[in-house]
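Here is the structure we will look at.
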Amino acid sequence: MTELQSRLPDPMSHFPGMGALAVGMTKAAHNGAIPDTTVHLVHLRAGQLVGSTYHTVRQTENLRGAGETEDRITAVASWRDAPFFTDAERIALELVEAVLTPNPSGERVPDELFARASAHYDDKALWTLTVAIGQICFFIPVALIARPIPGTPIGRNYSPVSRR
């Protein structure tokens, strides 16, 4: 069996400022306005929607580390009829799906969905949720194109050598 390798080396060798950007986005997404668990649930759902093994493994590890139950983690894929989520978590999952899924009949985030989200989250929390979705959307292409090694600690999940 061939040793699993990423397609590209660590992007930090080309973009040293990316670390500061990642830290800033993480601080913004985990600022306390919404539970960290909600951020991880949203990131897990985004990983599922785009078919990213790297993100689904990473977010599952994050949720387990936060003490989440296997029932809640597993049910993210079928959250709409799963009894394990709060109404606020359901809105967060619905928002990430709306952002990442085309809506042939109109806006991805219609006024009605925004109004329901506003009933559960104040302005700072809605901005935090928006930043959390943006954070995962920033890293989705990294995972799909560079294909870092799932389940490997950050910093060791990329090929050690550049292709050129």
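The values are calculated or read from the model by the stated rules, or taken from the named source; none is laboratory data. Keep in mind that what you see is a predicted model, and the values were worked out from it rather than measured. When we count neighbours, we look across all protein chains shown, and the Cβ atoms used for this are built from the backbone with ideal geometry, even at glycine.
Considering F139, F114, which residue is crowded, with 17+ Cβ neighbours inside 10 Å and aromatic (F, W, Y)? Please lay out each step first, then the result.
Values: F114 fails: crowded, with 17+ Cβ neighbours inside 10 Å.
Within the list F139, F114, the selection yields F139.
When residues of segment 92-136 are filtered for being assigned to a helix (DSSP H, G or I) and under 12 Å from R45 (Cβ atoms), how many remain?
Going through segment 92-136, the residues assigned to a helix (DSSP H, G or I) turn out to be 92-100, 111-120, 123-136.
Filter once more, keeping what is under 12 Å from R45 (Cβ atoms): 92-100, 132-133, 136.
Residues meeting the conditions: 12.
All of A77, A29 fail the test of being under 14 Å from T128 (Cα atoms), among the small types (G, A, S) and modelled with pLDDT of 95 or more, apart from A29.
So which of I154, I136 ends up being modelled with pLDDT of 95 or more, among the hydrophobic types (A, V, I, L, M, F, W, C) and under 22 Å from A22 (Cβ atoms)?
On the way: I154 fails: modelled with pLDDT of 95 or more.
Checking each option against the conditions leaves just I136.
One residue stands out among those in segment 1-20 that are part of a helix (DSSP H, G or I) and in contact (Cβ under 8 Å) with a residue 60 or more places away in the chain: the one that is farthest from H55 (Cα to Cα), which is S13. Restricting attention to segment 10-36, which residues are surrounded by fewer than 16 Cβ atoms within 10 Å (Cβ to Cβ) and either of a type in the set (A, V, I, L, M) or more than 20 Å from the chain's Cα centre (by Cα) (or both)? Of everything in segment 10-36, those that are surrounded by fewer than 16 Cβ atoms within 10 Å (Cβ to Cβ) and either of a type in the set (A, V, I, L, M) or more than 20 Å from the chain's Cα centre (by Cα) (or both) turn out to be M12, S13, H14, F15, P16, G17, M18, A20, L21, V23. Only residues in segment 91-108 that are more than 14 Å from I136 (Cβ to Cβ) count as the first member; pair them with residues that are among the small types (G, A, S), Cβ under 7 angstrom, at least 6 apart or cross-chain, and list the lot. That search, which allows pairs on different chains as well, returns I91/A117; R108/A98.
Using the structure shown, decide if L129 is touching a Cys at 6+ places or on another chain (Cβ under 9 Å), of a type outside the set (K, R) and at pLDDT 95 or above. In short, no.
With respect to D111, is the statement that it is of a type outside the set (A, V, I, L, M), more than 20 Å from the chain's Cα centre (by Cα) and within 22 Å of H30 (Cα to Cα) true? Show your work before the answer.
Details: of a type outside the set (A, V, I, L, M): yes; more than 20 Å from the chain's Cα centre (by Cα): yes; within 22 Å of H30 (Cα to Cα): no.
The answer is no for D111.
Filtered by the rule that a residue be in a helix (DSSP H, G or I) and surrounded by fewer than 17 Cβ atoms within 10 Å (Cβ to Cβ), segment 142-158 gives L144, I145.
Test T56 against the criterion of being touching a Gly at 6+ places or on another chain (Cβ under 9 Å), surrounded by 13 or more Cβ atoms within 10 Å (Cβ to Cβ), part of a helix (DSSP H, G or I) and not basic (K, R), and give yes or no. Yes; evaluated as a whole, the condition is true for this residue.
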